[in-house]
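Working notes, beginning with the structure itself.
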Amino acid sequence: MENSSPLVQDIETTARTSSFHSFRAFLDARAPGSAQAATQFYQLIDSIEQSEKSKLLEECRSRAWFVRNEETGAVRVAAKQCRLRWCFHCGESRQQFVTQALMPWYTEAKAPKLLTVTIKHTDEPLPSQIDFLYDSFRKFRNRKFLKDNIDGGVWFFQVTYNQKSEQWHPHIHALLDASFMDHQKLMELWEKITNGSTIVHIRSVNDPEHTLTHNARYAARPSALVKIPEDRWPDLFEAFDGRRICGTWGSARGISLRPQKPDDANKWHDVGGFTTVSSLVDTDDSAKSIWEAWSLSGTIEEGVNMDHIYKFDDDAGDKPPPKDEWDIEPYFDYVGNPF
Ligand SMILES: [Zn+2]
């Protein structure tokens, strides 16, 4: 994540000086360029489509509160999210989810590999290039040579834009559990399927955790908005509206890449609103404990909460709603420490 630092010293500085009017403001401050790009992107889309997506985006993670796990004492943030594809914060959360979902499969793979394929650069519209690449990749992995050598895989789509040639460059990256495959043979097959594209990279992976984390970001978004010129954003929106951008097959089939409510959802209980806690970090012991447990991956005792504040101040804006109200809400998730 941009502007983030794993240094404890920095985190402690944040803990001492933090006061944010919402969780969203806190997240925006850690990645201002990307957050701003998403806002501009949906304003542009709304003006073209006569839609109201900006409003959803604006509300994303603005209502948030700290929750404590009744068994471990760990603290996380529960937040209402928008789940728009180009929302930067939803993307970060999705990347985190996909990484965790695939980690056991990839780190336990017998022979982890990374395969990348791309097609010849053309001036074709983006949607037809993507259709062609997807179709070719499906044929490719169904060839006997690949079927015989690949136990399973997960594919991600990425697109970059070359401003000089004004062309899109679509790629597919695939994490594989696969035996050795001759590069020349792979290139020949790909060239035949695509009528002339020869770019195939394959390598063994010695650091599956790192490779997975790096590639899982494409499951969140096929391109970083800040790297695409604004006048191409409508093309990007249209090309990916409702389109799958990742998938699994073979031994990885069955791993869900769609964020869902965690199994232990009923073990998390609210201890205070994000705004209340962050504004009282310097003056209230409970707020300080909650904030530090969250930002330093620590724990808090049962009974540490902000009820003493809410008791006297009914207007404290972000008092958590009753549990049964947010428990059934399908769009809450549990955000881990973002540092
Ligand atoms: Zn969002």
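The values are calculated or read from the model by the stated rules, or taken from the named source; none is laboratory data. Keep in mind that this is a model prediction, so the values were computed, not measured. Cβ sites come from the backbone with ideal geometry, for glycine too, and all protein chains shown count toward neighbours.
For this structure, a couple of remarks:
- For segment 37-54, filtering for residues that are at pLDDT below 95 and closer than 15 Å to ARG24 by Cβ leaves 0.
- The set of residues in segment 190-244 being within 23 Å of PHE97 (Cβ to Cβ), touching a residue at least 24 places away in the same chain (Cβ under 8 Å) and among the small types (Gly, Ala, Ser) consists of ALA216, ALA219, ALA220, SER223, ALA224.
- Matching entry among PHE156, PHE140 (being in a strand (DSSP E or B) and either closer than 19 Å to THR198 by Cα or in contact with a strand residue (DSSP E or B) (Cβ under 6 Å, 6 or more places away or on another chain) (or both)): PHE156
- Residue identified as touching a Phe, Trp or Tyr at 6+ places or on another chain (Cβ under 8 Å) and either closer than 18 Å to GLU230 by Cα or part of a loop (DSSP other than H, G, I, E, B) (or both) among ARG68, ARG85, ARG76: ARG85
- Any pair with Cβ under 7 angstrom, 6 or more apart, that starts in segment 78-89 at a residue that is closer than 23 Å to TRP291 by Cβ and in contact (Cβ under 8 Å) with a residue 40 or more places away in the chain and ends at one that is within 6 Å of the ligand (Cβ to nearest atom) and in a loop (DSSP other than H, G, I, E, B): GLN81/CYS60; HIS89/CYS60
- Any hit, segment 17-25, residues being within 12 Å of the ligand (Cβ to nearest atom) and either among the β-branched types (Val, Ile, Thr) or at pLDDT 85 or above (or both): yes
- Exactly one residue among ASP263, ASP285 is within 27 Å of THR213 (Cβ to Cβ) and free of Cβ contacts under 8 Å to residues at least 24 places away in the same chain, and that residue is ASP263.
- Scanning segment 97-109 for residues that are away from the ligand (no atom under 16 Å from the Cβ) and of a type in the set (A, V, I, L, M, F, W, C) yields ALA101, LEU102, MET103, TRP105, ALA109.
- Identity of the residue in segment 64-96, aromatic (Phe, Trp, Tyr) and touching a strand residue (DSSP E or B) at 6+ places or on another chain (Cβ under 8 Å), that ends up nearest to the ligand (Cβ to nearest atom): TRP65
- Residue match in segment 26-36 (condition: in contact with a strand residue (DSSP E or B) (Cβ under 8 Å, 6 or more places away or on another chain) and within 30 Å of GLU292 (Cβ to Cβ)): no
- Lone qualifier among SER5, SER62 - being at pLDDT below 90, under 30 Å from VAL205 (Cα atoms) and either among the polar types (S, T, N, Q) or in the same structural domain as TRP294 (by TED's automatic domain parsing) (or both): SER5
- Given (1) within 16 Å of PHE156 (Cβ to Cβ); (2) within 16 Å of the chain's Cα centre (by Cα), number of the condition ALA239 does not satisfy: (2)
- With respect to (1) of a type in the set (A, V, I, L, M); (2) crowded, with 20+ Cβ neighbours inside 10 Å; (3) touching a strand residue (DSSP E or B) at 6+ places or on another chain (Cβ under 6 Å), the lone exception for LEU126 is condition (2).
Matching residues to (1) touching a Ser or Thr at 6+ places or on another chain (Cβ under 6 Å); (2) crowded, with 19+ Cβ neighbours inside 10 Å; (3) within 30 Å of LEU146 (Cα to Cα):
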| site | (1), (2), (3) |
| --- | --- |
| GLU238 | no, no, no |
| GLY254 | no, no, yes |
| ASP263 | no, no, no |
| LEU280 | no, yes, no |
| ILE290 | no, yes, no |
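- Residue satisfying all of: in segment 47-65; in a helix (DSSP H, G or I) and among the acidic types (Asp, Glu); surrounded by the fewest Cβ atoms within 10 Å (Cβ to Cβ) among these: GLU58
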